[in-house]
Each structure stands twice: as structure tokens, then as C-alpha cells.
Amino acid sequence: MLKTDTTIQSAVVLIPLFFIYLIGASLLMSKAREKMTFFKLITIVSLGVYIMSVLHLTLFPITVHSNLAPWLSALNWIPILTIDIKTFMLNIIMFVPLGVYFYLAFSHEKTIKQVAVYSLVGSVLLESTQLVIRIVLASGRSVDVNDLIANTLGGIVGYYILKKMTSLSFFQTLIQRFSLA
């Protein structure tokens, strides 16, 4: 009997994607004609590593099943009442760096509402990708509205923490060195 289940490991997708990211970031930085410092390079590379890590944690491994089980059962559209506190907290923690990178990569004058929208959009992209993978490949990921809430909160928390840290002169100087904005 032939084995019909195949597993796609993250390295097969994410390593080439990381190099594409680095090339794109290099092109953007050279187009901006801004001096590339060691600290900015650290920000760019660590942002890429962060993005790849989030993709690894939320999408992989992808197991392609031969039988297409009903995917509707993998959706959780009920907020808060169906919350798993551990998963909720881990999702907040996972998106805190996104808020930090929003502060470092874009204008420091973003409002909390703008950061919330950007975090929500990033979270919707992840959850939508999980849904598509679930429908098309019958992979075991679930889609949860509570993840959208937690991820958005995490982005806000990260941005707010870094914004508050800039009120201290030591951190202000350090953050300016790593800032791309």
C-alpha cells in the first residue's frame, strides 16, 4: 500500500523565503540611500528571523492528508468564552516583538489604533493562511478568533513598551541606533 500522507517541513519553505526577504530588505535599504549601520542590520536580520519563527510556529509542519476531513470543525468563531488561557498568553507573547518592530521600522508617531490595525492584519493573514492550508491540504491547524484578539494585544503591548522605554535617556539612545525610521 502506498503512503499517501506527506509532511512539508518548515526549513524547505522558510530558508529560501528568508533569503528572499534579505534580498528584498537590502534592495529597499539601498533604494532609501540611508547609511546601513551595524545596528540597523541587526534590526533587519532579527526582523526576518522573527517573521520566519512566527511562520514556523503557526504554519508548520504541514501534513498533506489523502483524505479531506471536514474543515469546518477546525474553526472557532466564538470569542473569549472558548478561550484557552495558556494559548492566549502565548499568542500575546508571540506578537509582542511585532509591536517592537513596528516601532523600530516605521514612524514612532503611530497611534495605538494604527498598531492595533497592523497587528490585526498580520494576525488575519496568519489565520487565513492556516485556514487555506486546512481546507486545501487537510492539515491539522485550527483557526481561532481568540488568536486574533491575543495577537493584536501582543502587538499593542510590544509597541507600548518600546514607546515608554524611550522616555528613559539610556534606552532612547539605544533605540535610536536600532531604528529604521
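Which residues, taken from the stretch 131-146, are polar (S, T, N, Q) and either at pLDDT below 90 or closer than 10 Å to A74 by Cα (or both)? Don't jump to the end; show me each part of the working.
So in the stretch 131-146, the residues polar (S, T, N, Q) come out as 139, 142, 146.
Answer for the stretch 131-146, where residues must be polar (S, T, N, Q) and either at pLDDT below 90 or closer than 10 Å to A74 by Cα (or both): S139, S142.
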_Here is a check on your reading of the model: is A105 within 16 Å of the chain's Cα centre (by Cα), in contact (Cβ under 8 Å) with a residue 60 or more places away in the chain, surrounded by fewer than 21 Cβ atoms within 10 Å (Cβ to Cβ) and within 30 Å of R33 (Cα to Cα)?_
yes
*Residues in the stretch 27-56 that are in a helix (DSSP H, G or I) and out of contact with any helix residue (DSSP H, G or I) (no Cβ under 8 Å at 6 or more places or on another chain): how many?*
9
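If you go through the stretch 116-139 one residue at a time, do you hit one that is out of contact with any helix residue (DSSP H, G or I) (no Cβ under 7 Å at 6 or more places or on another chain), in a helix (DSSP H, G or I), under 23 Å from L41 (Cα atoms) and polar (S, T, N, Q)?
The initial filter retains those residues of the stretch 116-139 that are out of contact with any helix residue (DSSP H, G or I) (no Cβ under 7 Å at 6 or more places or on another chain), namely 117, 121, 125, 128, 131-132, 135-138.
Now drop any that are not in a helix (DSSP H, G or I), which leaves 117, 121, 125, 128, 131-132, 135-137.
Among the residues that remain, those that are also under 23 Å from L41 (Cα atoms) are: none.
Checking the stretch 116-139: not a single residue is out of contact with any helix residue (DSSP H, G or I) (no Cβ under 7 Å at 6 or more places or on another chain), in a helix (DSSP H, G or I), under 23 Å from L41 (Cα atoms) and polar (S, T, N, Q).
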*Which number in (1) among the hydrophobic types (A, V, I, L, M, F, W, C); (2) closer than 20 Å to F102 by Cα; (3) part of a helix (DSSP H, G or I); (4) out of contact with any Lys or Arg (no Cβ under 9 Å at 6 or more places or on another chain) marks the one condition that F19 misses?*
(2)
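Only one of L68, L55 is under 26 Å from Q9 (Cα atoms), modelled with pLDDT under 90 and surrounded by fewer than 18 Cβ atoms within 10 Å (Cβ to Cβ). Can you tell me which?
L68
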*Looking at (1) part of a helix (DSSP H, G or I); (2) crowded, with 21+ Cβ neighbours inside 10 Å; (3) more than 12 Å from the chain's Cα centre (by Cα), which is the only condition I149 fails?*
(2)
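Residue by residue, here is whether (1) closer than 22 Å to N151 by Cα; (2) out of contact with any strand residue (DSSP E or B) (no Cβ under 8 Å at 6 or more places or on another chain) holds:
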{"position": "T6", "(1), (2)": "no, no"}
{"position": "S26", "(1), (2)": "no, yes"}
{"position": "A32", "(1), (2)": "no, yes"}
{"position": "G48", "(1), (2)": "yes, yes"}
{"position": "P79", "(1), (2)": "yes, yes"}
{"position": "Y103", "(1), (2)": "yes, yes"}
{"position": "H108", "(1), (2)": "yes, yes"}
{"position": "S119", "(1), (2)": "yes, yes"}
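Please verify whether A74 is at pLDDT below 90 and in contact with a Ser or Thr (Cβ under 8 Å, 6 or more places away or on another chain), treating the condition exactly as stated.
Numbers: at pLDDT below 90: yes; in contact with a Ser or Thr (Cβ under 8 Å, 6 or more places away or on another chain): yes.
Yes: the conditions hold for A74.
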*Counting only residues that are at pLDDT below 95 and exposed (fewer than 13 other Cβ atoms within 10 Å of the Cβ), how many does the stretch 114-130 have?*
1
*With (1) of a type outside the set (F, W, Y); (2) modelled with pLDDT of 95 or more; (3) over 16 Å from I161 (Cβ atoms); (4) surrounded by 13 or more Cβ atoms within 10 Å (Cβ to Cβ) as the list, and P97 as the residue in question, which single condition is left unmet?*
(3)
*If you check every pair at least six apart or on different chains, which have Cβ atoms under 8 Å apart with a residue in the stretch 143-168 that is in contact (Cβ under 8 Å) with a residue 40 or more places away in the chain and more than 22 Å from L125 (Cβ to Cβ) first and a residue that is surrounded by fewer than 19 Cβ atoms within 10 Å (Cβ to Cβ) and not aliphatic (A, V, I, L, M) second?*
K163/H108; T166/H108; T166/Q172
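The values are calculated or read from the model by the stated rules, or taken from the named source; none is laboratory data. Predicted, not measured: the structure shown is a model, and the values here were computed from it. For neighbour counting, all protein chains shown are included, and Cβ atoms are generated from backbone atoms with ideal geometry for every residue, glycine included.
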